[in-house]
Amino acid sequence: MKARIKFSKTGSMRFIGHLDVMRYFQKAFRRADIALSYSQGFSPHQLMSFASPLGIGLSSDAEYLDIVLEDGEPIDDFVLRLNAVMNEEIRVKGMTVLKEDSKTSMAVLAACDYLITVKPGQQSFLMDRARRREAVERLLSRNTVDICKKTKRSEKIVDIKDNIYRIADERQEFEDFTGVSYGSLALDLSKYIPVLYLQLTAGSMVNIKPELVIEALSIQEGEKYDWLSYQIHRMEMYADLDAKKGEVHTLSSAVPCKLIPLSEYGKDDCIGR
Amino acid sequence: MRKLALSDEILLSVEKPARYIGGEINMIAKDPSEVAIRFCMCFPDVYEIGMSHLGIQILYDMLNLRKDIYCERVYSPWVDLDKIMREQGIPLFALESQQPVKNFDFLGITLQYEMCYTNILQVLDLSGIPLRSENRTLEDPFVIGGGPCAYNPEPIADFFDLFYIGEGETVYFELMDAYKEWKSLGADRISFLKMAAQIPGIYVPQFYKAEYYEDGTLAAFKKTVAETPERVQKQVERDMSDTFYPAKPLVPYIKVTQDRVVLEIQRGCIRGCRFCQAGMLYRPIRPRDLEFLKKRAEQMLHSTGHDEITLSSLSSSDYKELPELVYWLIDEFQGKGVNIALPSLRIDAFALDVMSKVQDVRKSSLTFAPEAGSQRMRDVINKGLTEESILKGAHDAFTGGWNRVKLYFMMGLPGEEWEDIEAIAVLSDQIAREYYTLPKEERNGKVNIVTSTSIFVPKPFTPFQWSPMISKEEAEEKRYFLLDKVKSQRNAKSIKYNCHDADVSELEGIFARGDRKLCDVILQAYRSGCIYDAWSEHFSYSKWEQAFSDHNVDMDFYLKRERREDELFPWDFIDIGVTKQFLFAEYQRAKEGQTTPNCRAECAGCGAMKFQCGVCVEGKEA
C-alpha cells in the first residue's frame with residue numbers, strides 16, 4: 001500500500017541533513033512498529049523516497065515522504081503512533097493513502113512555497129514594508145532576472161523570472177493566490193519576522209532555490225546579501241496536474257500550471273485520510 | 001524549542017553540526033536546577049567515535065536512574081569548531097542542557113586509548129577548567145578518569161583529581177553519595193578527595209608521591225596521606241545478569257562508527273593471549289544469562305529502531321550458549337529487516353553456518369586474527385590457534401562460497417626472528433593456495449587476501465610488560481622485508497599488504513608504560529598544537545619529538561629497555577587481581593615457547609579467583 005507522509009522540520013532538526021532524516025524515519029517506523037515493505041536482497045531496506053531534499057538550515061511545514069506499507073498495516077492511528085516515537089522538532093502532520101499506480105512525489109514535484117523570514121537579531125532591507133513592496137514591484141517589472149546559479153560542479157547565469165510563480169509580501173495575498181490555507185506554522189513568527197512569500201519552480205528538471213530570489217532582490221536594490229540573516233521556511237509542495245513527463249510549465253508557457261498539493265496528488269479516494 | 005549553545009551562523013559553518021546539538025532519541029531530559037549532582041560524561045574524541053562507545057551508554061543510563069543526578073555528555077569538538085570556540089571564547093558545553101561543562105560537579109573522562117591524551121587537555125581547556133588538578137578551585141568540577149588507560153594513569157596523573165579503577169557499575173553511587181555529603185559540609189576540595197580515596201577503586205593521584213632512582217626507574221611510590229590505601233583495588237561487577245545495562249540506548253542522528261544495538265554478551269576472556277591487556281584486565285570471564293540478553297536485545301531494538309545488532313565480547317565463540325542466542329536472534333529479527341553482526345568469532349562450522357545466514361557470502365569477507373605468522377610465535381604469545389585450524393577454517397569458508405579473507409598480524413612481538421616475519425607472507429600464501437585446491441567450478445572468481453600488520457605495543461598488566469618495544473627503524477625494516485616476501489609468494493597478486501604507522505605506535509608505547517614525568521611532555525605537546533593524535537591527518541610527530549627533548553625526557557627509556565624482574569612499575573599500586581608473579585611466570589613461559597591452557601581448560605592460578613565470580617566459580621556453585 002503506497003502512502004505519502006507530510007511532516008514539519010524545525011529548530012535543531014534544521015541541522016540534520018537529508019540522508020540523516022531518511023535514516024531517522026527508517027528507525028522511527030521500526031520504533032512505532034509500523035511495517036514498511038522492504039527491498040529484496042541481502043541488505044534489504046525500507047521502500048521510501050523524499051519529494052525534495054531540504055537544505056541544511058532550512059525549516060519546513062511541508063516535507064513529503066513516500067512509503068510502501070505492508071498490506072494490512074493499520075492506518076487509523078498511523079500519525080499518532082508515529083508521532084509518539086518522534087522528536088518534538090520533526091512532526092508528522094498527515095498521511096495520505098495513494099493509488100497503487102501513483103507516481104512518486106519526487107517524480108511529480110513541480111513547485112514549492114516558501115516563507116522568507118529575518119532571523120532574530122538580524123537586519124534586512126526587506127523588513128521595511130514600503131521598501132520591500134517597491135523592490136518586489138521593480139523585480140516583477142523586469143524582463144529578465146539573471147542570477148548566478150552555483151552547483152558543486154559549475155556556475156552559470158540563469159534567468160529565473162519565469163520561475164517565480166508568485167512573490168507576495170503578505171500572507172493573505174499569497175493564500176488567495178495559492179488557494180492553500182497554511183494554518184499555524186511550525187516556525188515561531190513572534191521571533192522570526194516574515195518578509196516575503198514565494199512560489200517557485202521545483203523538481204528534478206528545474207529547481208529554483210528561494211535564496212536565489214533574495215539574492216536577486218538584494219543585487220537589484222544594491223544591498224549586501226547575507227544568507228545568514230534569513231530563515232527560509234518551506235510551506236507547501238505541489239505537483240502539476242497538466243505537466244507531462246519531463247515537462248515544466250513556467251509563467252511564459254502556453255499551458256499554465258495546474259498545481260495541487262502533494263498531499264492531494266494521487267490520493268486513493270476509496271480509503272479515508 | 002531547545003535552545004542551542006551555538007548560533008546558527010556557527011552551526012552552518014562547521015562540518016556535521018549534528019555533533020553539537022544533542023536531542024538524540026532516548027536522550028535523558030532533566031531540569032538541571034532540580035538535581036543535586038550534575039555529571040558530564042566525556043569521550044575525548046569526535047562525536048561519531050564517542051557515541052559508539054558502550055561504556056558511556058551504560059554509565060549514562062545508570063547515573064540517570066537516580067533522580068538526584070543528571071548525567072549529560074560531551075565529546076571533543078572537531079578541529080573546525082575548536083578553532084571557532086577559541087577565537088570567540090565560547091565555553092565547551094554539554095549536549096543535553098547545552099550549558100557550560102565548567103558548571104558541572106563532575107567531568108568524567110573515559111580513557112580508551114593513549115592517543116586521546118591531548119584531547120583531554122583540549123576538553124579541559126575549552127571548558128575553562130585549569131589543566132592541572134592543583135590549580136582547580138571550588139568553582140571547577142572534579143575531573144575523574146576511567147576506562148582501560150586508567151590502569152596506568154600516571155602519564156596523565158596531573159590532569160585528574162581522581163581515577164576510577166575498574167568497572168563502572170560498582171561504586172559510582174557510593175562516590176556520588178560521598179559528594180553530596182561533602183557538599184553539605186561546605187568543606188574544601190581536598191576533603192572530598194580524601195573521602196573519595198577511601199572508596200575502593202578510587203585513586204587520587206595527588207595523595208601519592210613517586211620517587212625515582214638516578215636511572216629514571218621508580219624507587220618508591222608512597223602514599224602521602226593517612227586516608228588512602230597502599231594499593232587500589234580494581235572494581236569488578238560480579239553478577240553480569242543483575243546489573244545496569246541500558247534498555248533505551250541513545251540513537252544519534254548522524255551515522256556513527258557503531259550505528260547499531262550493541263549487546264555485550266560477556267565480559268573478560270578465558271584465552272590468556274600474552275599481548276592482550278583486556279584479556280588480563282577484565283578477568284575473570286563473566287557471561288551474561290541468555291534470558292537477560294534476549295530481553296535486552298528485544299528492548300533495545302524496539303526502543304532504538306536500529307536495523308542492526310552486534311554481539312560484543314573479546315571472544316564470542318567462548319560464550320557457551322552462542323548458537324542458541326544467535327539462532328534466536330535470526331529467527332526473531334531477521335524477518336523484520338534487522339541485520340545481525342558477529343565480530344570476534346572463531347571460524348568454525350557454526351560460524352560459517354551462521355554467517356551464511358546473516359550476510360551475503362559473495363560480498364563479505366572473513367576475518368582471521370592469527371596475530372603471528374609462525375606457529376612458534378603463536379605459542380610465544382599464547383594464541384591458541386594452530387596452522388591446521390586456520391587452514392581448515394579457510395578451506396571451509398572457501399567451500400561455503402567466500403573468497404575474501406582479512407588477516408591480522410602483529411609485528412615486533414618479543415623474540416621475533418626474521419623467519420617469523422616471513423611466515424606471515426607464507427601463511428597468507430598458504431591460505432590463497434587452499435582456495436585453489438577447490439575444483440574450478442566451485443570457486444567464486446579469484447581469491448582476495450588482505451594481510452595487515454600492526455606494531456606490537458607492550459602494555460601494563462600483561463606478561464610482556466617487561467619486554468622492550470620494537471624501534472621505528474626496525475619496524476620499517478621488517479615492513480619492507482615482509483613486503484618483499486609477500487611479493488615473492490606464488491599468489492602474490494592475490495595478497496594485499498597493509499601496515500600500521502610506526503610513529504603513532506611509538507608514542508602509544510611510551511604512554512602505555514609511562515610515568516608521571518610524561519605529564520609535562522603531554523602538556524607541552526598540547527600547547528604546541530597537538531590534538532587528535534589518533535587521527536593521522538592531525539598527528540605531528542615533530543611536535544612530540546620537540547616536547548620530549550625540551551623536557552629532557554628520553555623516549556628510549558620507555559621503549560627500548562627490557563625491565564628487570566623486580567622493577568617497580570608506575571602501575572604496580574593497582575591490584576587487578578591477576579598477580580605480578582603470574583605475569584612474570586607467563587613471560588618466562590613465553591620465552592620458552594610454552595603455552596598456557598585457557599581458563600576453562602585448566603586454572604592457571606592467575607589471581608583473579610579472589611573476585612569469586614565468573615569462570616573461577618563455574619560449576620562450583622552448590
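Here the contact order of the range B:315-373, divided by its residue count and restricted to Cα pairs under 8 Å and six or more residues apart, works out to 35 percent.
What GluC sites (Glu not before Pro) does the range B:451-556 have in DSSP loop regions with at most 15 other beta carbons within 10 Å?
Details: sites: B:E473, B:E474, B:E476, B:E477, B:E506, B:E508, B:E537, B:E545; in loops: B:E537.
Answer in residue order: B:E537.
The stretch between B:D520 and B:E174, if pulled fully straight at 0.36 nm per residue, gains 121.3 nm over its current Cα-Cα span. With the crude spin-label approximation of a point 7 Å out along Cα→Cβ, what separation in nm comes out for A:D71 versus B:D239? Label-label distance for A:D71 and B:D239, simple model: 5.0 nm. Segment B:E134..B:C603, full-extension length gain: 164.4 nm, with 0.36 nm per residue of separation and the alpha-carbon distance subtracted. Between the amide H of A:Q231 and those of A:T117, A:V118, A:K119, distances stay under 5 Å, these residues lying 5 or more places away or on another chain, with hydrogens modeled in the peptide plane.
Hey, fewest Cβ within 10 Å first, where do A:W227, B:W544 land in order?
Working: A:W227 12, B:W544 24.
In order of increasing Cβ crowding within 10 Å: A:W227, B:W544.
A straight Cα-to-Cα reach below 16 Å connects A:K191 with the aspartates and glutamates B:D8, residues fewer than 8 places away in its own chain not being considered. Site pair B:N498 and B:L65 shows an inter-label distance of 3.9 nm when each label is modelled 7 Å from Cα along Cα→Cβ. Does the range B:131-195 classify as rounded, prolate or oblate by the C-alpha gyration tensor (a ≥ b ≥ c root eigenvalues; a/c under 1.5 gives rounded; else a/b over b/c gives prolate, otherwise oblate)? Oblate is the answer for the range B:131-195, as a/c is 1.5 or above yet b/c matches or exceeds a/b.
With a ≥ b ≥ c the root eigenvalues of the C-alpha gyration tensor of the range A:88-232, is it rounded (a/c under 1.5), prolate (a/b larger than b/c) or oblate?
Details: a/c = 1.69, a/b = 1.24, b/c = 1.37.
Note, shape of the range A:88-232 comes out oblate.
Pairs of Cα atoms nearer than 8 Å and 6+ residues apart set the relative contact order; for chain B it is 14 percent.
Backbone amide hydrogens, once placed in the peptide plane, bring B:G108 within less than 5 Å of B:C40, B:M41, B:C42, B:I144, excluding anything fewer than 5 places away on its chain. Farthest towards the positive end of the charge dipole of the protein assembly as shown, among the residues B:A157, B:L483, A:L259, is the Cα of A:L259, using unit charges on the Cβ of Lys, Arg, Asp and Glu.
Residues of the range B:424-440 with an amide N closer than 16 Å to a point placed 7 Å from the Cα of B:S488 along the Cα-to-Cβ direction: B:424-430. When the C-alpha to C-alpha distance is required to be over 30 Å, the pairs from A:K93/A:K119; B:K406/B:K620; A:K27/A:K161 that qualify are B:K406/B:K620; A:K27/A:K161.
Using θ = phi - 60° in the Karplus curve 6.51 cos²θ - 1.76 cosθ + 1.60, the 3J(HN,Hα) couplings for the range B:601-618 round to 6, 6, 6, 9, x, 6, x, 5, 4, 4, 7, 6, 7, x, 4, 5, 10, 4 Hz; x is entered for Gly and Pro. Spin-label model, B:K620 to B:E442: label points 7 Å out along the Cα-to-beta-carbon direction sit 4.7 nm apart.
Counting other Cβ atoms within 10 Å of each Cβ, which GluC sites (Glu not before Pro) in the range B:226-316 have at most 12 and sit in a DSSP loop? Provide the component values of the computation, followed by the final result.
On the way: sites: B:E227, B:E230, B:E237, B:E264, B:E291, B:E298, B:E308; in loops: B:E227, B:E230, B:E237.
Those that pass, being in a loop and sparsely packed, are B:E230.
Listed values for the range B:465-475 are Karplus-derived 3J(HN,Hα) couplings in whole Hz (6.51 cos²θ - 1.76 cosθ + 1.60, θ = phi - 60°), namely 5, 8, 7, x, 9, 4, 7, 4, 4, 5, 4, and x replaces Gly and Pro.
Between the C-alpha center of the range A:123-168 and that of the range B:327-403 there is a gap of 61 Å. By DSSP, what percent of the beta bridges with both residues in the protein assembly as shown are antiparallel, rounded to the nearest 5? Of those bridges, close to 55 percent are antiparallel.
Mean separation of Cα pairs under 8 Å and 6 or more residues apart, divided by the residue count, gives chain A a relative contact order of 26 percent.
Kindly identify the protein assembly as shown as rounded, prolate or oblate by the Cα gyration tensor criterion: order the square roots of the eigenvalues as a ≥ b ≥ c, call it rounded if a/c is under 1.5, otherwise compare a/b with b/c, prolate if a/b is larger, else oblate. Working shown, then result.
Details: a/c = 1.99, a/b = 1.55, b/c = 1.28.
Because a/c hits 1.5 or more and a/b exceeds b/c, the protein assembly as shown counts as prolate.
Only Lys, Arg, Asp and Glu carry charge here, each on its Cβ (+1 for the first two, -1 for the last two); on that basis the range B:171-230 has a dipole of about 240 debye about its Cα centre.
Go ahead and estimate [θ] at 222 nm for chain B from helices alone: -39,500 (n - 2.57) per DSSP H run with n ≥ 4, summed, over the residue count, rounded to 500.
Working: 20 runs with 208 residues, N = 622.
Calculated mean residue ellipticity at 222 nm is -10000 deg cm²/dmol.
Identify the trypsin sites (Lys or Arg not before Pro) of the range B:141-232 meeting these criteria: DSSP loop state and at most 14 other C-beta atoms within 10 Å of the C-beta. Sparse-neighbourhood loop trypsin sites (Lys or Arg not before Pro): B:R231. For the range B:546-556, backbone phi angles converted through the Karplus equation (6.51, -1.76, 1.60; θ = phi - 60°) give residue-by-residue couplings of 4, 4, 5, 6, 4, 9, 6, 9, 8, 4, 4 Hz, Gly and Pro being listed as x.
Where a number appears in this text, it was derived from the coordinates with a stated rule and is not lab data. In this text the structure is predicted, and so the values were computed from the model without any measurement. Ideal geometry is used to build each Cβ from the backbone, glycine not excepted, and the neighbour counts take in all protein chains shown.
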